[in-house]
Amino acid sequence: FSFRKLWAFTGPGFLMSIAYLDPGNIESDLQSGAVAGFKLLWVLMLATIIGLLLQRLAARLGVVTGLHLAEVCNRQYQKVPRIILWLMVELAIIGSDMQEVIGSAIAINLLSVGKIPLWGGVLITIADTFVFLFLDKYGLRKLEAFFGFLITIMALTFGYEYITVKPNQEKLLKGLFIPYCQNCGTTQLEQAVGIVGAVIMPHNMYLHSALVKSRQVNRANKREVQEANKYFFIESCIALFVSFIINIFVVTVFAEAFFEKTNADVNGVCMNASSPHSSLFPNNNETLEVDIYKGGVVLGCYFGPAALYIWAVGILAAGQSSTMTGTYSGQFVMEGFLNLRWSRFARVLLTRSIAITPTLFVAIFQDVEHLTGMNDFLNVLMSLQLPFALIPVLTFTSLPSVMNDFANGL
């Protein structure tokens with residue numbers, strides 16, 4: 001084992017892990033904590049482990065064959081299934097892009113104390129993508145370092161909330177390692193399914209299989225291929241462990257502070273704190289429902305304005321970091337399935353336009369609750385798209401004709 005070699009292979013796994021930290025994930029985490037307390041932490045852990053195993057298979061496919069998943073699909077499938085797979089992946093990418101736009105717009109609105117309206121935040125997210133394209137011109141390693149910086153911001157901001165709230169460690173460990181949900185009903189079951197859809201992103205497998213190609217590996221040398229597979233897997237383990245810890249921070253903060261709270265409880269605290277957002281919570285005994293926007297507001301009411309702004313910075317980092325992964329995924333998928341080589345600029349312009357149009361309409365003509373409610377729908381959409389990524393990954397990595405001596409035995 002060599003740390004120098006691990007560092008040489010470090011990058012693709014952290015870029016891939018950003019999809020485990022997008023605004024859809026954060027929304028799923030905070031709702032899980034508010035709705036079920038610590039009881040669904042084991043679902044989050046299992047989903048992350050399954051995600052790691054699938055990412056490992058996707059990375060192995062790229063390392064062994066020198067082709068990413070979309071290119072292998074193009075070679076192995078007939079025209080009709082190939083086009084169906086492409087359409088499904090594009091749908092997942094657009095859905096993910098919408099979540100990033102929503103998260104960023106809400107964060108900008110919170111940070112500006114409402115002075116920048118939601119539709120203004122949506123429009124700002126058009127510009128930020130092109131900033132990343134500008135960074136991309138300086139090389140992939142610099143872009144990987146920048147995204148590492150954004151992940152660090154998320155770890156620090158959500159870690160600050162965790163330290164401030166001080167969740168019960170015994171309940172945390174119990175929720176992680178006891179796969180049981182006492183007194184849970186339909187709402188908790190829906191949330192559990194949402195966690196899986198939010199964590200395991202279909203287009204991420206296409207992305208990871210392509211990113212590993214950025215490292216030079218002599219595929220004629222079996223030992224070199226084995227070594228590359230080993231270091232990419234270690235890096236993926238580290239990256240997904242970091243993303244899992246950040247997700248844990250969010251779930252446990254809302255589980256400790258807001259599980260089984262009513263609107264009246266929060267309304268009273270917000271009124272005492274002279275919060276301008278008190279009207280978000282009607283003075284009744286209905287169970288509190290939170291989303292990315294309300295989550296920041298209630299943190300501000302209970303733990304001071306600093307908690308609200310630090311939360312918003314974390315959400316903004318989540319939205320911005322996941323922007324480029326969607327762009328890369330879309331580019332690799334289009335090139336692989338259709339042999340179309342567009343510039344990244346044109347590719348971003350297309351997907352971002354498709355993602356922004358419905359989001360902008362909702363932001364202009366509806367309120368923030370309808371905007372954040374779209375995240376729940378989009379998490380379900382991700383769950384429905386999963387088989388269209390899983391079937392090719394599991395099929396090709398088990399075929400000796402594709403993987404040679406590295407075929408998966410299961």
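For residues that are under 17 Å from the mean Cα position of the chain (by Cα) and open to solvent by less than 50 Å² (accessible area, probe 1.4 Å), tally how many sit in the range 59-95.
Going through the range 59-95, the residues under 17 Å from the mean Cα position of the chain (by Cα) turn out to be 89-95.
Next cut, open to solvent by less than 50 Å² (accessible area, probe 1.4 Å) only: 89-90, 92-95.
Residues in the range 59-95 being under 17 Å from the mean Cα position of the chain (by Cα) and open to solvent by less than 50 Å² (accessible area, probe 1.4 Å): 6 in total.
Within the range 259-291, being at pLDDT 85 or above, open to solvent by less than 20 Å² (accessible area, probe 1.4 Å) and under 27 Å from the mean Cα position of the chain (by Cα) holds for no residue. Being touching a Ser or Thr at 6+ places or on another chain (Cβ under 6 Å), closer than 30 Å to residue 147 by Cβ and assigned to a helix (DSSP H, G or I) is a property that does not hold for residue 208.
Might you let me know whether the range 178-200 holds any residue that is under 17 Å from residue 56 (Cα atoms) and buried (at least 18 other Cβ atoms within 10 Å of the Cβ)?
yes
Does residue 42 meet the test of being touching a Phe, Trp or Tyr at 6+ places or on another chain (Cβ under 6 Å), assigned to a helix (DSSP H, G or I) and either open to solvent by 20 Å² or more (accessible area, probe 1.4 Å) or modelled with pLDDT under 85 (or both)? No.
Checked against (1) touching a helix residue (DSSP H, G or I) at 6+ places or on another chain (Cβ under 6 Å); (2) open to solvent by less than 40 Å² (accessible area, probe 1.4 Å), residue 120 passes all but condition (1). Could you list all residues from the range 1-27 that are crowded, with 24+ Cβ neighbours inside 10 Å and in a loop (DSSP other than H, G, I, E, B)? Within the range 1-27, just 22 meets the criteria.
Given the condition farther than 28 Å from residue 20 by Cβ, in contact with a strand residue (DSSP E or B) (Cβ under 8 Å, 6 or more places away or on another chain) and hydroxyl-bearing (Ser, Thr, Tyr), answer yes or no: does some residue in the range 254-277 qualify? Within the range 254-277, one or more residues are farther than 28 Å from residue 20 by Cβ, in contact with a strand residue (DSSP E or B) (Cβ under 8 Å, 6 or more places away or on another chain) and hydroxyl-bearing (Ser, Thr, Tyr). Put simply, of 173, 211, 150 the only residue that is open to solvent by 80 Å² or more (accessible area, probe 1.4 Å) and aliphatic (A, V, I, L, M) is 173.
Does residue 35 fit the bill of being outside any loop (DSSP other than H, G, I, E, B), farther than 21 Å from residue 240 by Cα and open to solvent by less than 30 Å² (accessible area, probe 1.4 Å)? Criteria not met by residue 35.
Exactly one residue out of 156, 123, 176 is among the hydrophobic types (A, V, I, L, M, F, W, C), at pLDDT 85 or above and more than 27 Å from residue 12 (Cα to Cα), and it is 176. With respect to (1) surrounded by 23 or more Cβ atoms within 10 Å (Cβ to Cβ); (2) among the small types (Gly, Ala, Ser); (3) over 23 Å from residue 309 (Cα atoms), the lone exception for residue 107 is condition (3).
Which one of these is among the hydroxyl-bearing types (Ser, Thr, Tyr), buried (at least 18 other Cβ atoms within 10 Å of the Cβ) and farther than 28 Å from residue 74 by Cβ: 236, 243? Can you show your working first?
On the way: 236 fails: farther than 28 Å from residue 74 by Cβ.
Matching residue, one of 236, 243: 243.
The numbered conditions (1) over 23 Å from residue 20 (Cβ atoms); (2) open to solvent by 20 Å² or more (accessible area, probe 1.4 Å) are all true for residue 316 except (1). Anything in the range 319-363 that is among the aromatic types (Phe, Trp, Tyr), loosely packed, with under 15 Cβ neighbours inside 10 Å and at pLDDT below 75? List them, or say none. If the condition is that a residue be among the aromatic types (Phe, Trp, Tyr), loosely packed, with under 15 Cβ neighbours inside 10 Å and at pLDDT below 75, then 345 is the only one that fits.
The values are calculated or read from the model by the stated rules, or taken from the named source; none is laboratory data. Worth saying up front: this structure is predicted, and the values here are computed from it rather than measured. Note that each Cβ is placed from the backbone with ideal geometry, even for glycine, and that neighbours are counted across all protein chains shown. The area values use the complete protein model at the heavy-atom level, side chains included, leaving out ligands, DNA and RNA. Shrake-Rupley method; radii C 1.70, N 1.55, O 1.52, S 1.80 Å.
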